[in-house]
Amino acid sequence: MQVKVLFDKEASSNKFHTGWGVSFLIDDRILFDTGENGQWLINNMQQLGLEIDNLQAIAISHDHWDHTGGLWEILKKRKLKVYGCPNFSEEFKAKVRDSGSEFAGVDKILEISDNIYITGEIPGLYAGRGIAEQAVVIKTPKGISVLTGCSHPGIIRMLTRIKEEFPKEKIYLVAGGFHLIDEDARLVKIIAEDFRNMEVIKVGATHCTGKEAEDILEAAYKDDFIAIRVGQTIEI
């Protein structure tokens, strides 16, 4: 199965738009997060020869602007089921419904397409306030791969919850934002050690992880660290 990087802060070529936030396309059918800008996201899809009409559904990690900004342009072109968390803002839910699409709030693990799951809502904190977030889990012969938006509930906490749902599966890849941008290097090294203890095989840290934290994780994972770039295809 493939994961294509549609939006992020760096790109594999200058033909792609970059910005804040992330967007991943799973198996050319499930879109996870939409970055900060819809026109930029659509341009990146067009550059990769991808058609919006092939999308089956959209999953949103959390309802911050840099993960939902591209959603509205997509929904103007195609009505889709949008999977979020029950505690997303009422404004976000209403905007999805007003577009003619369906909002589905999920509070537990759910298979939304063959071998593609969302964790459902995992509570976390952001700026001292509660936040609802979810991750995507993809099951392949290599194990499970986990895609995150910002990991506000804590990346290790999220992985622990996922392992409870998939106890017999090894974790092949963890990729996305880990929200370590303001964390002390000692904590990041502990997280890298926790990844190793959980037998995570590959790590693709990006977005709000922060440059220093990315460097620490890359040093820990060496050739098994994946530098995420727009336009990239990751085989899982």
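Quick check on the stretch 117-165: of everything there that is modelled with pLDDT of 95 or more and hydroxyl-bearing (Ser, Thr, Tyr), which residue is nearest to Val200 (Cα to Cα)? Among those residues, the one meeting the criterion is Ser145.
Restricting Ala205, Ala227 to residues that are among the small types (Gly, Ala, Ser) and crowded, with 17+ Cβ neighbours inside 10 Å narrows the list to Ala205. Could you say whether any residue in the stretch 138-152 is surrounded by fewer than 22 Cβ atoms within 10 Å (Cβ to Cβ) and farther than 20 Å from Phe195 by Cβ? Yes - at least one qualifying residue is present in the stretch 138-152. Between Glu36, Glu51, the distinction of being among the acidic types (Asp, Glu) and farther than 23 Å from Ile116 by Cβ belongs to Glu36 only.
Being in contact with a Cys (Cβ under 9 Å, 6 or more places away or on another chain) and among the β-branched types (Val, Ile, Thr) is the filter here; which residues of the stretch 76-117 pass it?
Taking the stretch 76-117 and keeping what is in contact with a Cys (Cβ under 9 Å, 6 or more places away or on another chain), we get 105-107.
Of everything in the stretch 76-117, just one residue is in contact with a Cys (Cβ under 9 Å, 6 or more places away or on another chain) and among the β-branched types (Val, Ile, Thr), namely Val106.
For the stretch 97-116, a residue qualifies if it is surrounded by 14 or more Cβ atoms within 10 Å (Cβ to Cβ) and without any contact (Cβ under 8 Å) to a residue 24 or more places away in the chain, and the qualifying residues are Phe103, Ala104, Gly105, Asp107. Screening Leu71 against (1) touching a Leu at 6+ places or on another chain (Cβ under 7 Å); (2) among the hydrophobic types (A, V, I, L, M, F, W, C); (3) closer than 18 Å to Phe7 by Cβ; (4) surrounded by 22 or more Cβ atoms within 10 Å (Cβ to Cβ) leaves a single unmet condition, (1).
Here are Ala127, Ala185: which of them is surrounded by fewer than 22 Cβ atoms within 10 Å (Cβ to Cβ), in contact with an Asp or Glu (Cβ under 7 Å, 6 or more places away or on another chain) and within 23 Å of Lys9 (Cβ to Cβ)?
Of Ala127, Ala185, the one residue that is surrounded by fewer than 22 Cβ atoms within 10 Å (Cβ to Cβ), in contact with an Asp or Glu (Cβ under 7 Å, 6 or more places away or on another chain) and within 23 Å of Lys9 (Cβ to Cβ) is Ala185.
The values are calculated or read from the model by the stated rules, or taken from the named source; none is laboratory data. Note that the coordinates shown come from a computational prediction; the quantities given were computed from them, not determined experimentally. All Cβ positions, even for glycine, are placed from backbone atoms using ideal geometry, and neighbour counts span all protein chains on display.
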